1. Hey, does region 332-353 have a residue that's surrounded by fewer than 17 Cβ atoms within 10 Å (Cβ to Cβ), out of contact with any helix residue (DSSP H, G or I) (no Cβ under 9 Å at 6 or more places or on another chain) and free of Cβ contacts under 8 Å to residues at least 12 places away in the same chain?
2. Looking only at residues in region 420-445 that are in a loop (DSSP other than H, G, I, E, B) and under 16 Å from the mean Cα position of the chain (by Cα), which one is nearest to the ligand (Cβ to nearest atom)?
3. Mind counting the residues in region 216-234 that are part of a loop (DSSP other than H, G, I, E, B) and under 18 Å from residue 80 (Cβ atoms)?
4. I need the full set of residues from region 446-469 which are surrounded by 24 or more Cβ atoms within 10 Å (Cβ to Cβ) and more than 16 Å from the ligand (Cβ to nearest atom), in order please.
5. If I go through region 580-602 residue by residue, how many of them are at pLDDT 95 or above and in a helix (DSSP H, G or I)?
6. Go through the residues of region 484-499 one by one and say whether even a single one is within 14 Å of the ligand (Cβ to nearest atom) and out of contact with any strand residue (DSSP E or B) (no Cβ under 7 Å at 6 or more places or on another chain).
7. Mind listing just one residue for me: the one in region 90-103 that is in contact with a helix residue (DSSP H, G or I) (Cβ under 6 Å, 6 or more places away or on another chain) and within 21 Å of residue 422 (Cα to Cα) and, of those, surrounded by the most Cβ atoms within 10 Å (Cβ to Cβ)?
Ligand code: GLU
């Protein structure tokens, strides 16, 4: 059934630039049309949106142009990403939302993290032999499916900060799902990467391998089932997932994954309807550190994003990065990151289950204790030991036992950033964990279920110390998502975030250093070559980073493992002249999409 194009679209299409034309109008399914143009930088007034996808950016800008605020536009753009980035985001997953409220000057966050089923114990990811399950087996399973947090996050965000109804903000995503989007290289490649997994589940193969084949670049991809799900949420509210028929289907799918004939069975899920009914998306105090006279706000536990970025910034605070040569800056950044990761791994988990020493991790005294371990020239041997956040700050501590260096990381997840004309800011990272989540689509509903519970630590790395991130009933797995907002004199200066598992933290940190210490504007800071030191023997590094700095940093004792790319950041900056700069990737993950409501001088 074709839907009417919204009034909103017709009214606003003319004022939007830097984004795709509205939908693949006139395109016939299967016919090649060029993917919409992607623009990594846009400057202007009236509001700004930066996402990884031009259709999602357009949908967000349409909501702003029609009078919605940044919260409304962020949810609308997220729902659009559920269509065009179904392997990274959607109603089957979770995320974290950071909000700057222009009227009150306050920063608030919504924790939309998935929870473990009540039936999940600490040994859930151990095999019969007591050894951790193979990661691949856990990823593609019902067992890793946590209670979805995204629908309640959207409702909570609209209730607390927004001006429009869920039905209104879902309109753009619903149309996009119904009318389709143009398949680009990135979508085809992500589908290809998941092809084998999707073939294991009948509804995933039917949806993402139409006609049994990978979608062609330039073809139009429709998801009427997802349009129907959005319409159901609009009509009945998110209770339809937490206490209603959609929830029953989610539970059935996790418990009895719809495995294709002849495919190998997968581990069944533990999710029950009572888990959905008990789910909450609480407001949480943000993390806050002062850096170079600015206030940096982030996501508190169960994410380690805010605490780890914040601790690393505190460690860096003592170095005058603005005057140091570039290689010294990067050396210091890599060392600070390793120290902060050691503490993250040792101390951060769901605060309802683990005493996270958050205030101390973010204190200046603790940072000084950690910073004294950074040699200005030589890299420390990795992994470095965790510090002891016991409140007593003394001389440089002797090294203790090293901590583990975290788990495997993939390029999944998505981050979007929105600012409106009133100065409200939304910084929102959402995910279904792995690219393609669990690989399991809810039959007839057009969305994938998350595999977020693989973010738990399967078994303690060191049985002699407490492990903060083991599974437990109702617990939220530790995240690395780091949606960030930076204020200057109480007003927003910028907001930024990225996907990429634990590399999210280093991408946000490196972008902040480039922007705040090195004088790059936000778009250039996002474009800069990246490296990610997460307290491992080797740091991941992009080829351009290695070309530029690899030799000098290696001579100082750093070791690198080359990776194609790290992260896919987006951000918005408030320029001194009152205009907004929306920034996205120029190249990574096929390039992102930045847009403003009124381009140019405004
Ligand atoms: N599940 C990850 C986290 O919460 C995000 C997924 C990813 O970006 O790989 O940290």
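The values are calculated or read from the model by the stated rules, or taken from the named source; none is laboratory data. On a predicted model such as this, the values are computed, not experimentally measured, just so you know. Every residue, glycine as well, gets a Cβ built from its backbone with ideal geometry; the counts of neighbours run over all protein chains shown.
1. So the first thing to find is which residues in region 332-353 are surrounded by fewer than 17 Cβ atoms within 10 Å (Cβ to Cβ), and the list is 351-352.
Now drop any that are not out of contact with any helix residue (DSSP H, G or I) (no Cβ under 9 Å at 6 or more places or on another chain), which leaves 352.
This time we only want the ones that are free of Cβ contacts under 8 Å to residues at least 12 places away in the same chain, so: none.
No, region 332-353 contains no residue that is surrounded by fewer than 17 Cβ atoms within 10 Å (Cβ to Cβ), out of contact with any helix residue (DSSP H, G or I) (no Cβ under 9 Å at 6 or more places or on another chain) and free of Cβ contacts under 8 Å to residues at least 12 places away in the same chain.
2. Of the residues in region 420-445, the ones in a loop (DSSP other than H, G, I, E, B) are 421-424, 432-440, 442-445.
Cutting the leftovers down to under 16 Å from the mean Cα position of the chain (by Cα) gives us 432-437.
Numbers: 432: 8, 433: 4, 434: 7, 435: 8, 436: 11, 437: 10 Å.
Taking the candidates together, the pick is 433.
3. First, pick out the residues of region 216-234 that are part of a loop (DSSP other than H, G, I, E, B): 216-219, 222-223.
Checking the rest, the ones that are also under 18 Å from residue 80 (Cβ atoms) come to 222-223.
Number satisfying all stated conditions: 2.
4. Scanning region 446-469 gives 446, 447.
5. Here the count works out to 1.
6. No, the conditions are met nowhere in region 484-499.
7. So, considering only residues that are in contact with a helix residue (DSSP H, G or I) (Cβ under 6 Å, 6 or more places away or on another chain) and within 21 Å of residue 422 (Cα to Cα), the one surrounded by the most Cβ atoms within 10 Å (Cβ to Cβ) is 97.
Yes/no per residue for (1) at pLDDT 95 or above; (2) surrounded by fewer than 19 Cβ atoms within 10 Å (Cβ to Cβ); (3) within 21 Å of residue 197 (Cβ to Cβ):
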{"residue": "105", "(1), (2), (3)": "yes, yes, no"}
{"residue": "122", "(1), (2), (3)": "yes, yes, no"}
{"residue": "129", "(1), (2), (3)": "no, yes, no"}
{"residue": "137", "(1), (2), (3)": "yes, yes, yes"}
{"residue": "140", "(1), (2), (3)": "yes, no, yes"}
{"residue": "144", "(1), (2), (3)": "yes, no, yes"}
{"residue": "155", "(1), (2), (3)": "yes, no, no"}
